[in-house]
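A short reminder: the numbers here are calculations on the coordinates, not readings from a lab. As the structure is a computational prediction, the values presented were derived from the model and not from experiment. With ideal geometry, Cβ positions are generated from the backbone for all residues, glycine too; neighbour counts draw on all protein chains shown.
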Amino acid sequence: MARFDSFFHLLANRSVLAAGTAYLLWLGLGWLVIANFDRIARRLVRKTATKLDDLLLEEARFPLWLLMVVIGLFAVARYFELPRFIGVRIDRGAALTVAFAALYLAIRLLINLARVAAENNAGLRNVYPSLANLARLAAWGTGLVMLLDLFGVSVTPVLASLGIAGLAVGLALQDTLGNFFAGVYLLVSQSVRLGDFIELDNGLKGFVEKISWRETRVRTLPNNIVIVPNSKLAQTVITNYHLPESEQACLVEVGVGYGSDLARVERVTVEVAKVVLEKTAGGVPGFTPFIRYHTFGDFSVGFTVILRVREYTDRYLVSHEFIKALHERYREEKIEIPFPVRTVKLQGEQD
């Protein structure tokens, strides 16, 4: 009964009634000001090319309302003679609300900036929903802690317990967390993407089938799946045959006899290479192949034929067709493809 008596006594207090009336008028005025400000600001930001001002205006609406509520309460508490316990609560609540509004605005801006960046980054687009949910959870969790502190609930023991529990979980899940953050890095950096053909420094080659929070699955050319932990993949040297583009050179080593006319050999080889690139699936028709002599070998003049294929695995078929066609053309042109010759002298044999 004593609580009800004090409650009705508070309502009968003229200063409280006057403060409540003034506060309602303040909220009405604030609503008109914010609504008109929002309309004018929207008209202005439509004329700009950047999206940053749109994001700032969109996310500032809720914090502005919080600040309007807090400023009204603070002004009412200062102007009217309210009971001391109400004034203390208002002052404390105002400080916490301003801190929460700033935190909320910062987190929301980061989330939306990540969303805009994800529109041009497939990897970030995959991790954006989870990161956004974690950011929202952090914002509202902080707000809940502030609210409990406002009502006098001691949160220090709870935070200490959560800190100890978090440390224990972090140590227990060290490898899992390492794979998780490595997976986020791989997805966001786009150094390895789904469908890319990669080669690791241990010789593993294959197509990237899946990048999950823990592991990356690589399908090798024999059609087997190799599972690589993300932390291992992030630390190894990777050759990505799809970056910066999938088109790449295909090198074929050839040798001709020392008696060959090298200018004629070059002309014939380039002619064959052009035809192969035009007719073979995976070749780049518009590319002009060329050769480079590089070695006076033991039994031949060595050179490299540079072809162009659409992606890494196309080199197998293109090389196959090129070697067949070149062998046939050399035979027609009487160009010798020598093979190793060794003279073996037995001990004691007479010359």
Subject >> Selection from region 288-306 of residues that are out of contact with any Lys or Arg (no Cβ under 8 Å at 6 or more places or on another chain) and not in a loop (DSSP other than H, G, I, E, B) >> reply: Phe290, Ile291, Arg292, Tyr293, His294, Thr295, Phe296, Val301, Gly302, Val305
**OP:** Kindly indicate which of Val276, Val268, Val301 is of a type in the set (A, V, I, L, M) and in contact (Cβ under 8 Å) with a residue 60 or more places away in the chain.
**Re:** Val268
Subject >> Count of residues meeting criterion [out of contact with any helix residue (DSSP H, G or I) (no Cβ under 9 Å at 6 or more places or on another chain), surrounded by 14 or more Cβ atoms within 10 Å (Cβ to Cβ) and either over 30 Å from Arg329 (Cβ atoms) or free of Cβ contacts under 8 Å to residues at least 40 places away in the same chain (or both)] in region 219-264 >> reply: 7
